[in-house]
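The values are calculated or read from the model by the stated rules, or taken from the named source; none is laboratory data. Everything numeric here is computed off the predicted structure, so don't read it as measured data. Don't worry about glycine lacking a Cβ; one is built from the backbone with ideal geometry, like all the others, and counts go over all protein chains shown. The accessibility values were calculated without ligands, DNA or RNA, using every heavy atom of the protein model including side chains. Shrake-Rupley method; radii C 1.70, N 1.55, O 1.52, S 1.80 Å.
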Amino acid sequence: MSKSLLKSLCFISGSMLIGMLFACTGNSLSPVEQAEEEFASGRYGAAQSMCDSLILGSEFSSLTVDELCRLSILTSQLADLSDDDANMALATRCMQAALQREPDSVLAFVHSLPADMQSSTLFIRQLTRTIDPTCEPGYSLQLCDTVCQPDTAGLY
């Protein structure tokens, strides 16, 4: 074999190896991001299946507060599409777990959302607090500007 042919083969093999490595690492989405992508693409059944496995599976306790909040929103959106109360129960379960871990992080997450999304979380948080009044202590869920204000009277 000539040197130029050998170099060409090495270059082609190296290029293929690099391409394969990028292909393998290209899908670095978290399971929650994958479910959101499925929903955004109109594949609601796949999004539902992914949400169910995340919320009802063994991974639920290892989800971050951010992931729990995002799952809560996603399952409430799925509930809106299917008019399914089970999805609202899942949304509430996610919000309850997030609020029990870090209520301030949940409020920061909600405040980072656009106003229309903030208002959609209000119902979930109110439902969560009806089920578990220990969630989100010291905050009054008021609709004015969809912002939570500290409750100075100590009532919530």
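For this structure, a couple of remarks:
- Single residue of the stretch 80-108 satisfying the filter (in contact with an Asp or Glu (Cβ under 8 Å, 6 or more places away or on another chain) and at pLDDT 90 or above) that is most open to solvent (accessible area, probe 1.4 Å): Ser105
- Test: residue in the stretch 118-125 that is farther than 27 Å from Gly45 by Cβ, charged (D, E, K, R) and not in a helix (DSSP H, G or I): no
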